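The values are calculated or read from the model by the stated rules, or taken from the named source; none is laboratory data. Computed from a prediction, not measured in an experiment: that's the story for all the values here. Heads up, the Cβs are rebuilt from the backbone with ideal geometry, glycines too, and the neighbour counts pull from every protein chain shown. When the accessible area is computed, the model is the full protein with side chains, heavy atoms only, and any ligands, DNA or RNA have been set aside. Shrake-Rupley method; radii C 1.70, N 1.55, O 1.52, S 1.80 Å.
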Amino acid sequence: MRKIALILALALLLSVPMISPVLDADPETGDMLLVDYGNGKTSWYPMTASGGTLLSAVRNVLDANSVPSTIDGTSLASVGGVYNCLVGTQECSWRFYIWDTYAWIYGGTDGSEPYTGGTMAVAFYPAGDILPMSTPYYKESWISFRGDSGYSAMSPSYGPQSVATPLEWYINMKSGGISSSILAADGLVYYSTRGDDNGTGVNRSPHLYCVDTVNHEIAWQFDYSKNATGGSSEYATNTPLIIGDMIVLNAPNRHIFCIDRYDGKVLAEMTPNSEKAQCAGVFNTYHYDYEVVSGLISSKGASTAVYDSGAMYFASSDGVLHALSVTRMGDSVIMEELWRYPDAGCGNCYLNPSVMELEGTKVIVSASYDGAITCFDIASGNPVTSFTVDPGIFKLRHVTPAGEGRVIVSAYDDAMSPINGFTALVDMVAGSVVWKMDVFAYNHSMPTVVGKTVYAYFEPSHTGSKPQVWDTHGTLTEALAGYYAFDIDDGHWIWRNLNDARTRSGMTYCDGRLYCVDYSTLAEWPVGGAARCIDAETGNIIWSVKLEPGSTNAYNMCAPTVLDGKVYVGNDDGTLYCISDIPGKEHHSTSDVDYESEGLAHWSWLLLFSVATLTAVVAVIMYRK
């Protein structure tokens, strides 16, 4: 009896670690099918099969939801118009995965195995060790700049219906402002800081952070300066990239790091050829060609990368467009170039490449300061088509895929706070400018395209005569700063909401609402220092909330990430905010923001103590019997 008591007590105690923070959210009842397109876009559907093979079960669900698919024997050849393909020499294909209570289990590409029930997934990846990032507990992920490879800034999740104050939680770091998109997967949030020019020591260098959203604390951090050439800490504004259980970072010293996103361990490093690896022997090191070109700013490293069809794509300041394979096989990571295009244009490291379809071909869209926009075949890296928008006295700043082979471009002057520029819709198939307006979207404020509607905060250009835009009737009228919804086909506004908050971080669309943050600081409240929720149909403000605690000189260039009823935003103060309908702790207004962990008062610790106490009591009682 004593042996049974000890075994039972041990079993109870060992069950505690299984209660993981990732289970803090309840999954929907019933078995589900996840379709993961491998580029940041996912869909969930109820399972409609109770038997048959994995392939037949998936086909039943896809057919029931009018998702087109094709098969090759017992394998999926395509789902939703995405076909198995080669990028360079690497194959990317549709793969089966089974949900095993806490994790995805790879089930191969052959769907002839029997389906015995449960939640499963089909995902478009090049290897079985790359697992879907979405789970039944956290159904949506935000894996890259603006969420996916097409820069849609569209969340398939949901945001808070109302907002509570004080804000649910916040955390402040002293290593500079947050300019990157805030990534999220499995209840973990990732973001990078730029580095503090006025700071010293660790605070001066850029950092990559992983935040546990259950305990509201830093899970791990990566200091760029430890791996920067000569110990320098260049200004960092890039958004990292999540690939399965890895996070990939294009550092400002031109190094590319592959990091385990759960524990922060650096797994692999890719350095420019002829450059000595700083951590050789500690982890895998690879090289890629990179030429420092006279007159170009190369110290800022490569552009933000996107991931699609099993490869990551980025541009470097020597004018080269790269396609890189990042494959993890257990504890080993292989990083290698699949193809490269040597002359993609000057300044392309600041114009992040994106992915779109052009007449049935998936292409990488790359652009340069001088207005040249080129579409490259994603498989081979060969140019498909090119068109040059005359930027005049301006520089082309960003290009946004807009559907039907079209892109929206924004150009403006080279000042720290530009006042002149334009926005245009370009048809890459016809090679023409469809319309052009005397307004521009500054910095990260790329337009968000939803169907036939373009949403953005636009600022008027002050060149020459009065800047003009078309109203709802197609009549030219004075352009003023504010939130706009435009018809993409003719450029006429559907609605506009005039506002001087100078939103410069973009708008995120989620469930009929737009989320954005003021660029202007708390010193300009109520037209500054706010996060806002806007009705996408009418342009009316649904709610706005003051981003506090914070300082009166913290600007914002970080677009909101909206997932699972939460809105995550950051600012130049290095503060990450979580906004929801759950009120947080009261705080005192101060320019110095200190983070306080809930520590032992958090539910997870209380649960641990309770179970441990119960275990001890049961063991003692049974032992005495």
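For the pairs Lys139/Lys452; Lys436/Lys466; Lys41/Lys265; Lys41/Lys362; Lys174/Lys265, note any where the Cα-Cα span goes beyond 18 Å. Before the final figure, lay out the partial values.
On the way: Lys139/Lys452 27 Å; Lys436/Lys466 15 Å; Lys41/Lys265 27 Å; Lys41/Lys362 15 Å; Lys174/Lys265 22 Å.
Where the Cα-Cα span goes over 18 Å, the pairs concerned are Lys139/Lys452; Lys41/Lys265; Lys174/Lys265.
Considering only protein heavy atoms, with the full assembly of protein chains and a 1.4 angstrom probe, order Thr503, Thr70 by accessible area, largest first.
Accessible-area ranking of Thr503, Thr70, largest first: Thr70, Thr503.
Each residue of segment 361-377 in order: what ³J(HN,Hα) in whole Hz does its phi give by Karplus 6.51 cos²θ - 1.76 cosθ + 1.60, θ = phi - 60°, with x for Gly and Pro?
My calculation for segment 361-377 gives 10, 7, 10, 8, 9, 10, 9, 9, 3, 7, x, 6, 10, 10, 9, 10, 4 Hz in order.
What is the distance in Å between the Cα centroid of segment 466-533 and that of segment 138-177?
Comparing the Cα centres of segment 466-533 and segment 138-177, I get a distance of 20 Å.
For segment 34-77, what class follows from the C-alpha gyration tensor (a ≥ b ≥ c being the square roots of its eigenvalues): rounded when a/c is under 1.5, otherwise prolate if a/b is larger than b/c, else oblate? Present the calculation step by step, with values, prior to reporting the outcome.
Numbers: a/c = 1.83, a/b = 1.22, b/c = 1.50.
Oblate shape, in that a/c is at least 1.5 and b/c is the bigger or equal ratio.
Carbon and sulfur atoms: what percent of the 1.4 Å accessible area of segment 479-570 do they account for?
Working: 1230 of 2830 Å².
Carbon plus sulfur share of accessible area: 44 percent.
Each residue of segment 243-253 in order: what ³J(HN,Hα) in whole Hz does its phi give by Karplus 6.51 cos²θ - 1.76 cosθ + 1.60, θ = phi - 60°, with x for Gly and Pro?
Coupling constants for segment 243-253: 10, x, 9, 10, 10, 10, 10, 8, 7, x, 8 Hz.
Which cross-chain or sequence-distant (5 or more) residues have an amide H under 5 Å from the amide H of Gly108, H modelled 1.01 Å from N in plane?
Excluding prolines and chain starts, which carry no amide H, the hits are Phe96.
By the scheme Lys and Arg +1, Asp and Glu -1, what is the net charge of all other residues having a beta-carbon under 13 Å from that of Ile488?
Values: positive: Arg406, Lys452; negative: Glu404, Asp427, Asp487, Asp489, Asp490.
It works out to a net charge of -3.
Check which residues have an amide H placed less than 5 Å from Phe440's amide H, if you skip close sequence neighbours.
Long-range HN contacts for Phe440: Glu459, Ser461.
Rounded, prolate or oblate: pick one for segment 455-529, where a ≥ b ≥ c are the square roots of the eigenvalues of its C-alpha gyration tensor, a/c under 1.5 means rounded, and failing that, prolate if a/b is larger than b/c, else oblate. Working shown, then result.
Details: a/c = 2.57, a/b = 1.30, b/c = 1.98.
Oblate shape, in that a/c is at least 1.5 and b/c is the bigger or equal ratio.
All other residues with a Cβ under 12 Å from the Cβ of Thr109 taken together, and with Lys, Arg as +1 and Asp, Glu as -1, what is their net charge? Working shown, then result.
Numbers: positive: Arg95; negative: Asp72, Glu91, Asp110, Glu113.
Net charge in that neighbourhood comes out at -3.
Per 0.36 nm of contour for each residue apart, how much would the distance between Thr101 and Asp490 grow if the chain were fully extended, relative to their Cα-Cα spacing? Kindly include the intermediate steps, with their values, before the conclusion.
Working: separation 389, 0.36 × 389 = 140.04 nm, distance 5.01 nm.
Computed gain between Thr101 and Asp490 is 135.0 nm.
If I model a spin label as a point 7 Å beyond the Cα along the Cα-Cβ vector, how far apart are those points for Asp223 and Thr48 in nm?
Modelled inter-label distance: 5.6 nm.
Need the full-extension length gain, Ala523 to Tyr262, defined as separation in residues times 0.36 nm minus the C-alpha distance. One decimal, nm.
Details: separation 261, 0.36 × 261 = 93.96 nm, distance 3.78 nm.
Length difference between fully extended and current span is 90.2 nm.
Can you grab the distance from the C-alpha centre of segment 34-76 to the C-alpha centre of segment 554-589, Å, no decimals?
After rounding, the separation between the Cα centres reads 37 Å.
Just to be sure I understand the model, the point goes 7 Å from the Cα along the line to the Cβ. What's the resulting Arg340 to Ile71 distance in nm?
It is 4.3 nm.
For a test of the definition: using alpha carbon positions, the gyration tensor, and the 1.5 limit on a/c, classify segment 329-470 as rounded, prolate or oblate. Each step should come with its number before you reach the end.
Numbers: a/c = 1.96, a/b = 1.70, b/c = 1.16.
It comes out prolate by the Cα gyration axes.
From the protein chains alone at 1.4 Å, what is the descending order of accessible area for Thr239, Thr361, largest first?
Details: Thr239 10, Thr361 50 Å².
Ranked list, largest accessible area first: Thr361, Thr239.
Less than 15 Å Cβ to Cβ from Phe394, Lys/Arg counted +1 and Asp/Glu -1: what total charge do the surrounding residues give?
Values: positive: Lys395, Arg397, Lys436; negative: Asp370, Asp390, Asp413, Asp414, Asp438, Glu459.
Net local charge, Phe394 excluded: -3.
Stretch Val202-Val384 to full length: gain in nm at 0.36 nm per residue minus the Cα-Cα span? Spell out each step's value before the answer.
On the way: separation 182, 0.36 × 182 = 65.52 nm, distance 4.53 nm.
Gain on stretching Val202 to Val384: 61.0 nm.
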